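A.B. asks: This structure is in structure tokens; I'll ask about it shortly.
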Amino acid sequence: MYKLLLSGRYLRTRFIALASIVSVMLGVATMIVVNSVMAGFSGEMKVRLHGILADMMVESVSSDGFDDSESVIQAINQVAGDHIEAITPVIEVYGMMSFDWPGGTITQPVTLVGIDPQGKDMVSAIRQYMMSRQEIREDGRLVRAPLRQLDAPFDWELTDEAMQHRREWLQWERIRARAEQHQGAVMYPEPSVEGESLGGGDPFANATNPFDDDPLAVDDEQPDEQIADTRDPDAPLSARVFIGVGLISYPYVESETGKTRTMMMLEPGEDVRFTTVTTGTPDAARFAATVADVFKSGMSEYDSTLVFCNLEELQLARKMLSPLDEKDWRNGSVTSLQIKLKDYDDAGIVAQKLLASLPAGEFQVRTWEQKQGPLLQAVEVEAAILNVLLFLIIAVAGFGILAIFYMIVVEKTRDIGILKALGASSGGVMSIFLAYGLGLGVVGSGVGVGLGLLFVKYINEIEDGVSWLTGRKVFDETIYYFHEIPTSVHPAMVVWVAIGAMAIAVLASVLPARRASQLDPVQALRYE
Amino acid sequence: MAAATMTADDSQVTSRTVPIAKQPAPTHVAAVAIDKAYRKGDMKVPVLRGVDLCVSHGEFLAIVGQSGCGKSTLLHLLGLLDGPDVGEVRLKGKRIDDLPTSTRDELRNRVFGFVFQFYHLLPELTLLENVMTPMMIRHSAWEFWKRRTEFKEQAEEIVRKVGLEHRRRHKPSELSGGEMQRAAIARSLVGKPQILLADEPTGNLDASTGGEIMDVLARLNADEGLTIIMVTHDDRLAHEASRIVRLSEGRIQRLEDAA
Ligand SMILES: Nc1ncnc2c1ncn2[C@@H]1O[C@H](COP(=O)(O)OP(=O)(O)OP(=O)(O)O)[C@@H](O)[C@H]1O
Ligand SMILES: [Mg+2]
């Protein structure tokens, strides 16, 4: 009893101990805030990674893919159909994308993903990342309302705005082409109207275009011109793409306001050109496509590499269709299947079942987490390192406690002697100081947890305040793609941080407590 | 526990021995051929050299001697605060200085009551809490909590006895020397000890306050048959005791009966 009473009294009367409480408190609060924000970010990141990919991927080992996709799907449904909600075929090929931009042609490496929109929509939450379905905000103000409802059908249709833009853009391109013609620089036939994968209404056919030397593009399709004339000359190409926003935009700092803005180099409705790299049997293919939409997942890894394209157009371009003229993906081969599971927790079982039943050595079965393993691991390692560093803050607080306690033990030498003279055991004296340390830890981490949670709760308000004070945006939407700072508080994390802080406080008090318990009462009583 | 049984049978013994102070009573606590030296680096400073001392039940013994002759040291040895280099300390004929630490802690708490030369109250606690410390040490937190009203009443009664009821809630720093000394006596008595070891209980007090303290001690000895060993260098106060021994050159020099 005296232990509790005394440690309580020491806690109340030694104001120097408040210093160590404050340091424990700040350490705990910092850890909670940083961990919550990190968890928020990585959670958000995972949602986005997952949103673009699917629960599980069955990938062909060869880049030629496999042509019996339907039977593979059937086989998969047979072994693991109970767990599977949807399956969609995709082709993944690497390639280069280029488009014109004042000052030259911009060429970038891309990953072309051929998808079937309906199928893809069923396996991943991709539609929410389409910019036509998002509102655009700048500095908290609404700049543009969504052009489409979020639940509008997910297909390759252009929005009215994109069509309008396309008309204006084509007009401009034609004028440009004509101007170049008059300069006599290059002589080319009049623009054709429609074409297969290349040519026709494609203005690049007229401009200085690396594809122009393609015999397929212009010459072969001359006869079609007359037929095509009856159609809308501004109609988009049959090959359509969803382009990652990072591929067609760049951030810049507005000179008068100092704010970071995004400059779009391309709008939906314009055309871009692709060349796929040569891998496997299909030759490198070239084709042009109309940008149907732009997606912005917030993962720069995706936003600056991925281009989604019609599955069958990609198959056609790569000559993966078996009757070349029938544009249905079922006729051609695909490189992988994306699967949505009913319950993601079953992923392990499903993977095992699939590996066992699919022909060995031809397929690779991975979950999205495995596919993104290095990135997720990097984030985890980063979080772990940060936690170690932050925990050192609390350890520093622990050394503070140690020093202060040593001081208090010296100051209390006489009292310790008295207690021992009155019959207190060494263990009892020791536990006064251990309880004192625990008390510091409990109070420090308690207040720290409260403070940290409050900070996390009002982090956006705090950010606004800090931005207002410093006149500089602390958390820039254009860089992070978040309107608000994402946070996620894991109760287990909070509990562990609090326990860790208390353990450190107790550990730090062990040494002084041992010293106190070993004091010789006679010596202590002589101490004045 | 050994100490617990001692408390029990001793209360009977004391009640029987109270009225007959002059008759030879059984030895209560004894020092047998005790040597004690303090070490100062390589040098050994002998303080006690073969001290023999027997204190009977219900006796009021005064130890006098020059400053620095080892009176406090002897009292600490008798109260098990320290161990002798040579010799034994006996309680009712049984050697107690070589008992395990935990048993000695318990004996200190239950059998001995200490009044220190410099009061030695705990500054963070109120007077009443200070008085209750031996009870808090004796009982577990849970036990103490259950019986707190009982202990509180016990402590308040003793505080009343030493005339400090109006100072119950004061911290030691708000008390006068005499009040602190009386509080220290109250603390030493709250656990109902069998032997009171008082180290110059009036050392820092004026004559009249010192007299009051002596009256309290004499009354305790007379009414409750408490065995008291008191250290003092004031011969006049020593004469209140039933027996006086003089410590000099590390030995008990002279025995004299109180006037
Ligand atoms: N821890 C110690 N280390 C070294 N010497 C000590 C120690 N404690 C006591 N002494 C010495 O032992 C001798 C006896 O000390 P003690 O305190 O018993 O004297 P005392 O008789 O109580 O004196 P006083 O009347 O002044 O209280 C003194 O000379 C003192 O210097
Ligand atoms: Mg002394």
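A.B. asks: Using only protein heavy atoms and a 1.4 Å probe, how much accessible area in total is buried between A and B, to the nearest 100 Å²? Walk me through the intermediate numbers first.
C.D. replies: Values: alone 25720 and 12740 Å², together 36120 Å².
Chain pair A/B: roughly 2300 Å² of buried accessible area.
A.B. asks: Under the rule of at least 5 residues apart or a separate chain, name every residue whose amide H is placed under 5 Å from the amide H of B:Leu196.
C.D. replies: B:Gly113, B:Thr227, B:Ile228, B:Ile229
A.B. asks: Evaluate peptide B:132-141: per residue, the Cβ atoms of other protein chains within 10 Å of its Cβ; return the mean as an integer.
C.D. replies: On the way: counts 3, 9, 5, 3, 10, 10, 5, 2, 1, 5.
Shielding by partners across B:132-141 averages 5.
A.B. asks: Which distance in Å, rounded to a whole number, links the C-alpha centroids of region A:135-179 and region A:3-68?
C.D. replies: Between the Cα centre of region A:135-179 and that of region A:3-68, the gap is 40 Å.
A.B. asks: Along its three principal axes, how long is region A:82-123 when you only count alpha carbons? Whole Å, largest extent first please.
C.D. replies: So the three principal-axis extents are 55, 16, 11 Å.
A.B. asks: Right, here's the next one. Rg and Dmax in Å for region B:78-232, alpha carbons only: what are they?
C.D. replies: 15.7, 47
A.B. asks: Between A:Arg240 and residues 5 or more places away or on another chain, which pairs have amide H atoms under 5 Å apart, with H built 1.01 Å from N, and which residues are they?
C.D. replies: Long-range HN contacts for A:Arg240: A:Thr290, A:Asn310.
A.B. asks: How fast does the protein assembly as shown diffuse by Stokes-Einstein, in µm²/s, taking the Kirkwood radius from C-alpha pairs at 20 °C and 1.002 mPa s? Can you show the working numbers first?
C.D. replies: Numbers: Rh = 34.5 Å.
Calculated translational D: 62 µm²/s.
A.B. asks: Counting heavy atoms of the protein chains only and a 1.4 Å probe, report the per residue accessible area for the protein assembly as shown as a whole number of Å². Display every interim value, and only then the final one.
C.D. replies: Working: 36120 Å² over 787 residues.
With the other protein chains kept in place, the protein assembly as shown gives 46 Å² per residue.
A.B. asks: Quick one: which of A:86-98, A:41-53 comes out on top by average Cβ neighbours within 10 Å, and what's the full order, highest first?
C.D. replies: On the way: A:86-98: 21.5, A:41-53: 18.8.
Top of the packing list down: A:86-98, A:41-53.
A.B. asks: Go through B:129-136, B:46-53 and give me the packing order, highest mean Cβ count within 10 Å leading. Intermediate values should be presented prior to the final figure.
C.D. replies: Numbers: B:129-136: 26.2, B:46-53: 18.2.
Result, highest mean first: B:129-136, B:46-53.
A.B. asks: Moving to a separate point now. What number in nm² do you get for chain B if you take the convex hull of its Cα atoms and divide its surface by four? Don't jump to the answer; show the numbers that get you there.
C.D. replies: Working: hull surface 57.0 nm².
Result: a mean projected hull area of 14.2 nm².
A.B. asks: Next up: Suppose a student asked you for the relative contact order of region B:32-167, using Cα pairs under 8 Å spaced at least 6 residues apart; what percent would you report? Don't jump to the answer; show the numbers that get you there.
C.D. replies: Values: 109 pairs, mean separation 22.5, N = 136.
17 percent.
A.B. asks: Using the per-residue mean of other Cβ atoms lying within 10 Å as a proxy for protection, in what order, highest first, do the peptides A:374-380, A:163-169, B:229-235, A:308-314 fall? Could you put the intermediate results ahead of the total?
C.D. replies: Working: A:374-380: 13.0, A:163-169: 16.0, B:229-235: 20.1, A:308-314: 25.9.
The peptides rank, most packed first, as A:308-314, B:229-235, A:163-169, A:374-380.
A.B. asks: Now for a separate question. Sequence gap at least 6, Cα distance under 8 Å: using those rules, report the relative contact order of chain B to the nearest whole percent. Present the calculation step by step, with values, prior to reporting the outcome.
C.D. replies: Values: 486 pairs, mean separation 71.9, N = 259.
Once divided by the residue count of chain B, the mean separation gives 28 percent.
A.B. asks: Between A:Glu463 and A:Ala360, what is the label-to-label distance in nm when each label sits 7 Å out along the Cα-to-Cβ direction?
C.D. replies: Label-label distance for A:Glu463 and A:Ala360, simple model: 5.2 nm.
A.B. asks: Something else about it: Can you pull the mean other chain C-beta count within 10 Å for peptide A:409-421?
C.D. replies: Numbers: counts 0, 0, 0, 3, 0, 5, 6, 1, 3, 10, 6, 4, 13.
Counting other chains' Cβ atoms within 10 Å and averaging over A:409-421 gives 4.
A.B. asks: Just need the relative contact order of region B:120-210 here, percent rounded to a whole number, with Cα pairs under 8 Å and 6+ apart. Each step should come with its number before you reach the end.
C.D. replies: Details: 89 pairs, mean separation 34.1, N = 91.
In percent, rounded to a whole number, it is 38.
A.B. asks: Could you pull out every residue, at least 5 positions away or on a different chain, whose amide H is within less than 5 Å of the one on A:Met96? Hs are placed 1.01 Å off N in the peptide plane, and Pro or chain starts have none.
C.D. replies: A:Val110, A:Thr275, A:Thr276, A:Val277
A.B. asks: Still on this structure, I have one more. For region A:416-448 and region B:87-102, what is the centre-to-centre distance using only Cα atoms, to the nearest Å?
C.D. replies: 30
A.B. asks: So which lysines can A:Lys353 reach, going by Cα to Cα under 19 Å and dropping same-chain residues fewer than 8 places off?
C.D. replies: Here the lysines satisfying the reach criterion relative to A:Lys353 are A:Lys340, A:Lys342, A:Lys371.
The values are calculated or read from the model by the stated rules, or taken from the named source; none is laboratory data. Bear in mind that the values here come from a model prediction, so they are computed numbers and not experimental data. Here Cβ is always computed from backbone atoms with ideal geometry, including for glycine, and neighbour counts include all displayed protein chains. The area values use the complete protein model at the heavy-atom level, side chains included, leaving out ligands, DNA and RNA. Shrake-Rupley method; radii C 1.70, N 1.55, O 1.52, S 1.80 Å.
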